[in-house]
1. How would you rank 8, 58, going from fewest to most other Cβ atoms within 10 Å of each one's own Cβ?
2. Counting alpha carbon pairs within less than 8 Å and at least 6 residues apart, what relative contact order, in whole percent, applies to the stretch 8-127?
3. Pulled fully out, how much extra length does the chain show between residue 83 and residue 51, if you take 0.36 nm times their separation in residues and subtract their Cα-Cα distance?
4. Full extension from residue 5 to residue 92: what is 0.36 nm times the residue separation minus their Cα-Cα distance, to one decimal in nm?
5. For the stretch 8-127, rounded, prolate or oblate, judged on the Cα gyration tensor with a ≥ b ≥ c (square roots of eigenvalues), a/c < 1.5 rounded, else prolate if a/b > b/c?
6. Just to confirm my numbers, what's the Cα centroid distance between the stretch 79-112 and the stretch 7-28 in Å?
7. Exposure proxy check: 21, 13 ranked by fewest other beta carbons within 10 Å?
């Protein structure tokens, strides 16, 4: 292991529909903005403040086609991936940078056209067998129950 980690986990709402780009070799990518919110109370004014952070999500090939088919603007989704910064030049020749989340795993948390649902159906989850829902942490039980008194060594 190299001693570094580049992993992102997000739960948010799509800010727009998935935009698809197809390539000659048959591959494709899908792009969409994802909004995550942070809410807190201002202690001085007791006002509720909400900050929205926007993330550029990139999904590739079959996963992109599944996203295009099943999710759209406003839908809630869980995304796992890694951060990638791309360098490109604008029309004036100036260097520009874009930071994206390269999606490696996802789970739909609301069904298309029905924002009242809060979990994906089994049929949706089978569309992307690599997608796993976020799981609650499990506290392991000790293998041996040790007495509370002093041990002889």
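1. 8, 58
2. Once divided by the residue count of the stretch 8-127, the mean separation gives 25 percent.
3. Value of the extension gain: 9.4 nm.
4. Computed gain between residue 5 and residue 92 is 27.8 nm.
5. Taking the square roots of the gyration eigenvalues as a ≥ b ≥ c, the stretch 8-127 is oblate.
6. Here the two parts' Cα centres lie 9 Å apart.
7. 21, 13
Bear in mind that the values in this text are calculations on the coordinates, not laboratory data. Worth saying up front: this structure is predicted, and the values here are computed from it rather than measured. Every residue, glycine among them, receives a Cβ derived from its backbone with ideal geometry; neighbour counts consider all protein chains shown.
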